[in-house]
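The values are calculated or read from the model by the stated rules, or taken from the named source; none is laboratory data. Keep in mind that this is a model prediction, so the values were computed, not measured. Every residue, glycine as well, gets a Cβ built from its backbone with ideal geometry; the counts of neighbours run over all protein chains shown. To get the accessible areas, we keep the full protein, side chains included, count just its heavy atoms, and leave off ligands, DNA and RNA. Shrake-Rupley method; radii C 1.70, N 1.55, O 1.52, S 1.80 Å.
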2 protein chains.
Amino acid sequence: MKNCRLFITVLTFIWLSAYPFKELCAENQLVKQWAVFEVEMKASIEGNPFDVELFGTFQHEDTTFRCRGFYDGNNSFKVRFMPSLSGEWKFKIESANKNLNKRTGQFTCVPNSKKQHGIVQVRDTFHFGYSDGTPFFPIGTTSYVWNLQGDSLAQLTLNTLGTSPFNKIRMCVFPKDYDWNKNEPETYPFQGNPPNQWDFSKFNPAYFQTLEKRILQLHKLGIQADLILFHPYDFDERWGFHEMETSTDIRYLKYIVARLSAYSNVWWSMANEYDLMKAKTDSIWDEYFQVIQKEDPYHHLLSIHNGPKWYDHSKPWISHLSIQHQNLKEVVDFRDKYQKPIIIDECGYEGDIPWVWGNLTAQELVHRFWLGYSRGCYVTHGETYLDSLDILWWSKGGKLHGESVKRIEFLKEIIENGPSEGINPPTNGYWHKRGGSFKEPDYYLYYLGNTQPAYLVLELPDKFTYSAEIIDTWEMTTTKLKGTYTGKCKVVLPGKDRLTLIMRRVKQN
Amino acid sequence: MKNCRLFITVLTFIWLSAYPFKELCAENQLVKQWAVFEVEMKASIEGNPFDVELFGTFQHEDTTFRCRGFYDGNNSFKVRFMPSLSGEWKFKIESANKNLNKRTGQFTCVPNSKKQHGIVQVRDTFHFGYSDGTPFFPIGTTSYVWNLQGDSLAQLTLNTLGTSPFNKIRMCVFPKDYDWNKNEPETYPFQGNPPNQWDFSKFNPAYFQTLEKRILQLHKLGIQADLILFHPYDFDERWGFHEMETSTDIRYLKYIVARLSAYSNVWWSMANEYDLMKAKTDSIWDEYFQVIQKEDPYHHLLSIHNGPKWYDHSKPWISHLSIQHQNLKEVVDFRDKYQKPIIIDECGYEGDIPWVWGNLTAQELVHRFWLGYSRGCYVTHGETYLDSLDILWWSKGGKLHGESVKRIEFLKEIIENGPSEGINPPTNGYWHKRGGSFKEPDYYLYYLGNTQPAYLVLELPDKFTYSAEIIDTWEMTTTKLKGTYTGKCKVVLPGKDRLTLIMRRVKQN
């Protein structure tokens, strides 16, 4: 059909489907809140179908969303939408291309099911929650290109994730070239062949369909896909996706946001170690952020991950800090400065590779998780144990081998058993930066890390009585102390390290 | 004799003595190199004898030293001198007071004995050595007022020090008021009574004589007295020595330098946590440093210790950084910036008190020692275990109870068995800030801390062959690896943490 005169087949049907339930939907069908509603139109056009722009406008009483559509190959144009409000929605498709223009329809959105909580957003300045109010405490892991390893290994990864505590995973759109990660992906994001024979004007829909399948698989497990849109890991210049033209980058951003923004479990991570991509200046990154802000009608979480140089996270499009940083004792400074949630998305990984960022002991990684959490922040896991087949979790997924994960699961239980609003370090005083984080006056948590005090003197409110429990963060035990505590009080401790003390309000005095 | 007309007794003898051997010396006596030579003159004067200025000029061929003398009570005026050159010395005493003026004499200085190495000075930018060329690797401890606890406890402290690895101790001139340190000293540095009934124009010689006795006791053990001249620890305003007038401070500085600068094992630490003494501005501290520079003819090491705010250590009078800092991974930055030796004189103490700086585990303190040493710096010990009699080593001395000291002794053996010039991190590349420190091309040390690599790939010189040894810093074992290594080579490791790898040159290829 290429290079022939404009010729359009007007299709006699519209597909309407609501993911992730994989059902085809007729108009007027019931769609679940925060599921993906998709309008599909078949049309064979002359020229590059990826150049065709189309938009859907979705209206619910006074609320309107405008969503970009995209070409998905095989003469199929799609517009996806995630309804956030229950009730009746009308939609209209518009395009400069006449035969994709003026399609209209309607559907009914039914309220939130238990499985659908909406998207994760910032709440209470430093924390996260779903659209429906359910708290979200990020317990992330890292597996940069698990999604590009083929179905068999991906299924093993999903099985591992299904029995893990993780509710977020950092993963890349583009393939990765790195130590222990030298295999080619099965397909490529653009049409053409490596190296450097790409037609950047034409995406490869199959590549993105696989990505969507992975995101839906994660969704079924309740896991957020912290999707890394750019990364520098192509040091051997195998593909060149890290140094495309700005116009190509922007075209790609519009395409991926059009495809994926209706998936409730997507987070946008603009880049991994963005500062290692020397060709892109801060003003280029600023422009890319603004593209996403404009294109994503739902305003998914949006961040950028650093190498040695930090991006300016005070810029308004940054929803939360997604940082690489090793010294977890300093994270209160970042809270104080940016007044945004802090996720330490890379603090070193449990493993035994020769690189210093990938050979932490399990003890050290667990310690860093607690250091971060007890300072009102969240920490992300990764694992890099050498493997005879070069299947390292941090890159390809597979199985987990380390000792940190079950302690992270134990921490997750502590978090979920704590205040639903999250905890915060006090804004000043002794515990401001020393591992004390509270939800006053109900809950006081002190992580004691590598210290071993014989006792602590706490200054709790006089008005209430508190119970005390000692958490051994490595042994994963919880020991209730006898007695109760109030006001200025001395709490005698076992005098060993890696303990957390929790004081919980039990009654009013 | 007070308040009567000027009346001077010209004494018929001069005391000349060479400390630390406590012998009285006649003129022409043999004095050992770097020992204390003292001229004593008895004179009863009208008015305040502490107002009398006297100076000794000591000449050896073309070399001349001018030393301030001081009043030591009991009608005794003294000038002390530390001869640095062997051979014949002449001296002359001068004073505006006629009867202390124009005394002359001579003595012979005999060369360095094995026990006398001279004073410790900076060498090779980042390290230390004695005057006679013997290297000095600071392995310090902290016992702020052990010297003010009376002879019995002081002797116990000295016994402990004598069997410890420590060759430097941080200690204060003035008494200290702090948690677990509430006892009065036996005497006071000024005449008068607490609180605030001091005659700041009159020192109490007995107080300083006790200090000198302690410094000589340390000298016999080969321990440097890192003498803290001011500190803020008088929060209950029991004595007020932390907020005297500037003129009183300067008078005190001149007096103590006159008394002590001839003691070879004295280092001047201008203040502990200087920034907690809010009344003194940086320009006042600058002035005090310049007083010491002018008054001390030998230029003993001169530093200042910080709380949250750092002094500007680039100022020329600062010989080395004596800092409080907890993150030992950052110390290469301080080397790079200041180009001076770095001693982390406070990084937290092993102990179990409730304050976070005083309840590190032994593991953590030992880890910090190695983190510092493997980055070309030196770290200082302290111990704060609660005690039924409130005798905590860090404040009063006594006994040591912790588990870190024997590991610090083990580290000291490793250091002394390494290059006499010390080791330095490379100025760039992977190991710059990651715990690799070298004396190229002879010796390469890598401290692996909380990491557990299965192997390392090193890039050693092709020209030489190296042996490899694994140090377990906690278990205190040294294991020689089989085989030899050269050029780019893989060294297989046991895959546990707290290890140090040392590559030692064994031959040329």
- Message: For the condition more than 15 Å from the chain's Cα centre (by Cα) and free of Cβ contacts under 8 Å to residues at least 40 places away in the same chain, what is the one hit in B:236, B:286?
- Response: B:286
- Identify all residues within region B:298-351 that are over 15 Å from residue B:372 (Cα atoms) and hydrophobic (A, V, I, L, M, F, W, C); write none if there are none. B:301, B:302, B:304, B:310, B:317, B:318
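Pull up region B:474-509, narrow it to residues that are more than 14 Å from chain A (Cβ to nearest Cβ), within 26 Å of residue B:364 (Cα to Cα) and part of a loop (DSSP other than H, G, I, E, B), then point me to the one that is least open to solvent (accessible area, probe 1.4 Å).
For region B:474-509, the residue satisfying everything is B:476.
Within region A:48-60, which residues are in a helix (DSSP H, G or I), buried (at least 16 other Cβ atoms within 10 Å of the Cβ) and either in contact (Cβ under 8 Å) with a residue 40 or more places away in the chain or acidic (Asp, Glu) (or both)?
A:50
Residue under question is residue A:340, and the condition is that it be away from chain B (no Cβ under 14 Å), within 18 Å of the chain's Cα centre (by Cα) and of a type outside the set (A, V, I, L, M, F, W, C); does it hold?
Values: away from chain B (no Cβ under 14 Å): yes; within 18 Å of the chain's Cα centre (by Cα): yes; of a type outside the set (A, V, I, L, M, F, W, C): yes.
So residue A:340 fits the description; yes.
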- Message: Quick check on my filter: what residues within region B:28-41 are surrounded by fewer than 16 Cβ atoms within 10 Å (Cβ to Cβ) and either part of a strand (DSSP E or B) or in contact with a helix residue (DSSP H, G or I) (Cβ under 8 Å, 6 or more places away or on another chain) (or both)?
- Response: B:30
- State whether one or more residues within region B:386-405 are of a type in the set (S, T, N, Q), within 11 Å of chain A (Cβ to nearest Cβ) and open to solvent by less than 10 Å² (accessible area, probe 1.4 Å). no
- Check on residue A:376, at positive phi, touching a residue at least 12 places away in the same chain (Cβ under 8 Å) and within 14 Å of another protein chain (Cβ to nearest Cβ): no
- Message: Taking the criterion of being open to solvent by less than 10 Å² (accessible area, probe 1.4 Å), free of Cβ contacts under 8 Å to residues at least 60 places away in the same chain and over 17 Å from the mean Cα position of the chain (by Cα), would at least one residue in region A:242-252 satisfy it?
- Response: yes
- Query: Restricting region A:385-408 to residues that are assigned to a helix (DSSP H, G or I) and touching a Phe, Trp or Tyr at 6+ places or on another chain (Cβ under 9 Å), which is nearest to residue A:350 (Cα to Cα)?
  - Reply: A:404
- Query: Taking the stated definitions as given, is residue A:335 more than 9 Å from chain B (Cβ to nearest Cβ), surrounded by fewer than 22 Cβ atoms within 10 Å (Cβ to Cβ) and modelled with pLDDT of 95 or more?
  - Reply: yes
- Message: Looking only at region B:459-471, how many residues end up being out of contact with any strand residue (DSSP E or B) (no Cβ under 6 Å at 6 or more places or on another chain) and surrounded by 13 or more Cβ atoms within 10 Å (Cβ to Cβ)?
- Response: 1
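Against the definition (open to solvent by less than 60 Å² (accessible area, probe 1.4 Å), farther than 30 Å from residue B:376 by Cβ and not small (Gly, Ala, Ser)), how does residue B:64 come out, yes or no?
no
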- Query: Which number in (1) modelled with pLDDT under 95; (2) out of contact with any strand residue (DSSP E or B) (no Cβ under 7 Å at 6 or more places or on another chain); (3) farther than 19 Å from residue B:386 by Cβ marks the one condition that residue A:509 misses?
  - Reply: (2)
- Task: Scan region A:417-450 for residues that are in contact (Cβ under 8 Å) with a residue 60 or more places away in the chain, closer than 19 Å to residue A:462 by Cα and open to solvent by 30 Å² or more (accessible area, probe 1.4 Å) and report the count.
- Result: 2
- Which residues, taken from region B:61-104, are without any contact (Cβ under 8 Å) to a residue 24 or more places away in the chain and in contact with a Leu (Cβ under 7 Å, 6 or more places away or on another chain)? B:63
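Being part of a strand (DSSP E or B) and either within 30 Å of residue B:116 (Cβ to Cβ) or touching a helix residue (DSSP H, G or I) at 6+ places or on another chain (Cβ under 8 Å) (or both) is the filter here; which residues of region B:193-242 pass it?
B:200, B:201, B:202, B:203, B:224, B:225, B:226, B:227, B:228, B:229, B:230
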- Message: Let me spell it out: the conditions are (1) surrounded by 19 or more Cβ atoms within 10 Å (Cβ to Cβ); (2) within 14 Å of another protein chain (Cβ to nearest Cβ); (3) among the hydrophobic types (A, V, I, L, M, F, W, C), and residue B:323 meets all of them except one. Which number is the exception?
- Response: (2)
- Message: If the requirement is being within 14 Å of another protein chain (Cβ to nearest Cβ), of a type outside the set (A, V, I, L, M) and surrounded by fewer than 20 Cβ atoms within 10 Å (Cβ to Cβ), which of these qualifies: B:329, B:315, B:309, B:294?
- Response: B:329
- Task: Please go through region A:349-369 and pick out each residue that is among the β-branched types (Val, Ile, Thr), facing chain B (nearest Cβ under 9 Å) and open to solvent by less than 10 Å² (accessible area, probe 1.4 Å).
- Result: A:353, A:361
- Could you grab me the full set of residues in region A:87-98 that are under 19 Å from residue A:258 (Cβ atoms) and surrounded by 13 or more Cβ atoms within 10 Å (Cβ to Cβ)? A:89, A:91, A:92, A:93, A:94, A:95, A:97
